[in-house]
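Taken together, the values in this text are just the output of simple stated rules run on the coordinates, not laboratory data. Everything numeric in this text was worked out from a predicted model, so none of it was measured. Counting neighbours? That spans all protein chains shown, and the Cβs are built from the backbone with ideal geometry, glycine included.
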Amino acid sequence: MTCYNTSRVAVTLAKQRLMTASYDYYQLAHPEEGVSGGFKYKTVPHVTLKSIANNEPPAQEILYDQPLVDSKKKRITGPFTVEAVPAPVVKSVDDLGQKVTEADNSVARSGETLRQSHWRDELMKTGIRGKGGQTIEFSRLEPLPGTSWLHADGEAKEDEPKRVVVSFGPEHAPLEQRQVARALEEAQTLVPRPKLLIFAAFQFDPEAAKDIDELNWPGVTLLKAQMNADLLTADLKKKRASNQSFWLIGQPDVVLRKAGKEYKGKYVVEVLGFDYYNTKTGGIESGDTSKIAMWMLDTDYDGRSMFPRQVFFPMAGEKDGWGKLAKNLKGEIDLDLIEQFRGTVSLPFVPGKHRRVAVKIINDRGIESLKILEVK
């Protein structure tokens, strides 16, 4: 299934529905050959005047759009991937031993471009949406001359105006760790010093997101803003101040700890919620788990692709999420485990060879955040 310019909410719903749906199982024509042997189909008699006149049994017509259902069996979704094009390349150059074509990050480092001008105008018009209807609004936003990694300079509309600088990510690649470092270097040379440094991108490299979340620059707050994919089709969308083109991304509050004594050598992950930027107070506040639609745990993260070993739906009711699948499969699933998969604490697990775990959290707006934890 290929989707272009699909909204983040639609992608999240598709993941949940694929994982929790069940399907009819069809009778096989030749069970020993599997699906390649074909199915058994419903047949109907084809009565003609000739067959009636000759008193012949009518020929049977096969209805190929109506395979016979085996009511004793059910099908569920097998393994599937959710991919972006192009995929980020994070393999070390030292490991490759050959020249590598770099990802297209020209929009992020080439200075003023028409695309950046459009993004800046949209940002000025719509602001950045935050938690609970909060918004970072700007009184001015203009190009910042003399810099390659900082693309906008402005002031936030507040009682005490704050200087804000913005770094836009690439158009067709994730915002990388290098851009975070270079933008930070340029921001440190600015006088007066900015109070907010905002990284806005369609996609964040996990290590870059980690640097933004964990960096401590006294007096300066670093924020991540998710850019709506609609900005890639600007000529097809009306320009309104009500557009939700930029969203603040909260920082996942996740804890990795050893499991109980009965689970020797195993660990558990607990999701405590999101840490959000309060646009009114200018501080970081802890949020709860009430708005987490789905979270996934990779117990052996390789630094390239996330392979969820455990998937949870905290907002799902008894008849939604895994509960829906449990109802359809009845006695084939442990109901106690289904209840745990509606929570915020993982099942005990043994860390993989990479000694890293990744937790991806998706909130009710479809915005994803990735937290990488080292197992020590």
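Could you grab the Rg to Rh ratio for the range 24-76? Cα atoms only, Kirkwood for Rh.
A ratio of 1.18.
Among Asn54, Tyr41, Val69, which residue has its Cα positioned farthest towards the positive end of the charge dipole of the range 24-76, with +1 placed on the Cβ of Lys and Arg, -1 on the Cβ of Asp and Glu, and the dipole taken about the Cα centre?
Towards the positive end, the residue furthest out is Val69.
Roughly how far apart, in whole Å, are the Cα centres of the range 52-67 and the range 295-364?
Each part's Cα centre sits 50 Å from the other's.
What is the distance in Å between the Cα centres of the range 206-226 and the range 139-204?
The distance from the Cα centre of the range 206-226 to that of the range 139-204 comes to 12 Å.
Just list whichever of Lys162/Lys291; Lys224/Lys371; Lys40/Lys73 have alpha carbons separated by over 23 Å in the model shown.
In this structure, Lys162/Lys291 exceed 23 Å between Cα atoms.
Quick one: dipole size for the range 127-242, taken about the Cα centre, charges +1 on Lys/Arg Cβ and -1 on Asp/Glu Cβ, in debye to the nearest 20.
Magnitude of the dipole: close to 400 debye.
Using a cut-off of 15 Å between beta-carbons, work out the net charge of the residues near Gly38 (Lys and Arg +1, Asp and Glu -1, Gly38 not included).
Charge balance near Gly38 sits at -2.
Ranking request for peptides 182-191, 125-134, 41-50, 354-363: highest mean number of other beta-carbon atoms within 10 Å first, then the rest in descending order.
Answer by packing, highest mean first, reads 354-363, 125-134, 182-191, 41-50.
Can you find, among Gly265, Ile212, Ala200, the residue farthest towards the positive end of the dipole of the range 168-267? Put +1 on the C-beta of Lys and Arg, -1 on that of Asp and Glu.
Sorting the options by dipole projection puts first Gly265.
Where the only charges are on Cβ atoms (+1 Lys, Arg; -1 Asp, Glu), what is the dipole of the range 24-76 about its Cα centre, to the nearest 20 debye?
220
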